[in-house]
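Asks: Questions regarding the structure given below will be posed in turn.
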Amino acid sequence: QKEVEQNSGPLSVPEGAIASLNCTYSDRGSQSFFWYRQYSGKSPELIMFIYSNGDKEDGRFTAQLNKASQYVSLLIRDSQPSDSATYLCAVNAGGFKTIFGAGTRLFVKA
Amino acid sequence: ETGVTQSPTHLIKTRGQQVTLRCSSQSGHNTVSWYQQALGQGPQFIFQYYREEENGRGNFPPRFSGLQFPNYSSELNVNALELDDSALYLCASSSRQGMRDTQYFGPGTRLTVL
């Protein structure tokens, strides 16, 4: 079992729709959870982090964390073509190592 | 822009050679982590430096080594390059705050090994 799992996609949504990206992790001791966006040929860009169970909203982005289910998600409201990218879920168990998933490719159709 | 810089941007080497990649961390950050990202994969943790000491290491062989300097900039050295070392090498800087380590990436160095 991979430590951080994401559906590779591609996930295709029409412009203006809600995109829902999901991630599961295996280490129950995980403390910090991150979502990065990565455009093709570029480096990952931090868009959200969440530490506590529940929802955290930042503009069009909402991160949701459920530690009991070992599940973290990212919702993107009013999706735009510029949101088309690979979204990486990352998890840190409180030590030096942050584990990344392989990413989900998102396509937003105009 | 994260304030994290890396050099060079691109590099082409041949098998068996050695390479040094450089990273300058964001102002105020004392921790640097290095990652290898192969095409279509997520970043894989190589090691982390905190206040000039190696703070942890992933599943990479000893030919991957590093340094951190007093100004918190860092180097990644790879000896005896192999074809599979071709990847995007990412440096991430952070400011350790207890259990929380929010990392910001530099633009990366694209290494091609022929």
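The values are calculated or read from the model by the stated rules, or taken from the named source; none is laboratory data. The model shown is predicted, which means the values in this text are computed figures rather than measured ones. Virtual Cβ from ideal backbone geometry, glycine too; neighbours counted across all protein chains shown. Quick note on the areas: whole protein, heavy atoms, side chains included, nothing else; ligands and nucleic acids left out. Shrake-Rupley method; radii C 1.70, N 1.55, O 1.52, S 1.80 Å.
Asks: Add +1 for every Lys or Arg and -1 for every Asp or Glu among the other residues with Cβ under 11 Å from the Cβ of residue B:36, and state the total.
Replies: Values: positive: none; negative: B:84, B:85.
The answer is -2.
Asks: Same structure, new question: Please compute the net charge surrounding residue B:15, taking Lys and Arg as +1 and Asp and Glu as -1 over other residues with Cβ under 14 Å from its Cβ.
Replies: Counting the neighbours of residue B:15, the net charge comes to -1.
Asks: Between chains B and A, what is the buried accessible area summed over both chains (1.4 Å probe, protein heavy atoms, nearest 100 Å²)?
Replies: Chains B and A together bury roughly 1800 Å² of accessible area.
Asks: Right, another one. May I ask you to find the residues of region A:40-60 that are shielded by at least 40 Å² of accessible area once the whole protein assembly is considered instead of their isolated chain (probe 1.4 Å)?
Replies: A:43, A:44, A:46, A:51
Asks: Please give the charge dipole size of region B:1-67, origin at the Cα centre, charges +1 on K and R Cβ atoms and -1 on D and E Cβ atoms. Round to the nearest 20 debye.
Replies: Here the size comes out at about 300 debye.
Asks: Hey, can you find the accessible area per residue of chain A for me, probe 1.4 Å, expressed in square angstrom? Present the calculation step by step, with values, prior to reporting the outcome.
Replies: Values: 5110 Å² over 110 residues.
That works out to 46 Å² for each residue.
Asks: With a 1.4 Å probe and all protein chains left in place, how much of the accessible area of the protein assembly as shown comes from carbon and sulfur atoms, in whole percent? Before the final figure, lay out each step's value.
Replies: On the way: 5020 of 10620 Å².
Carbon and sulfur together cover 47 percent of it.
Asks: Right, something else. Once you average over the residues of B:30-40, how many Cβ atoms of partner chains fall within 10 Å of each Cβ?
Replies: Averaged over the peptide's residues, the number is 2.
Asks: Give the cross-link partners of residue A:56 among the lysines, using a straight C-alpha distance below 27 Å as the criterion and excluding same-chain residues fewer than 8 apart.
Replies: In chain and number order, the partners are A:2, A:42, A:67, A:97, A:109.
Asks: With Cβ to Cβ distances under 14 Å as the rule, what net charge do the other residues near residue B:60 carry (K, R +1; D, E -1)?
Replies: Local charge sum for residue B:60: -1.
Asks: Other chains' Cβ within 10 Å of B:56-62 residues: what's the mean?
Replies: Taking the mean over all residues of the peptide, I get 1.
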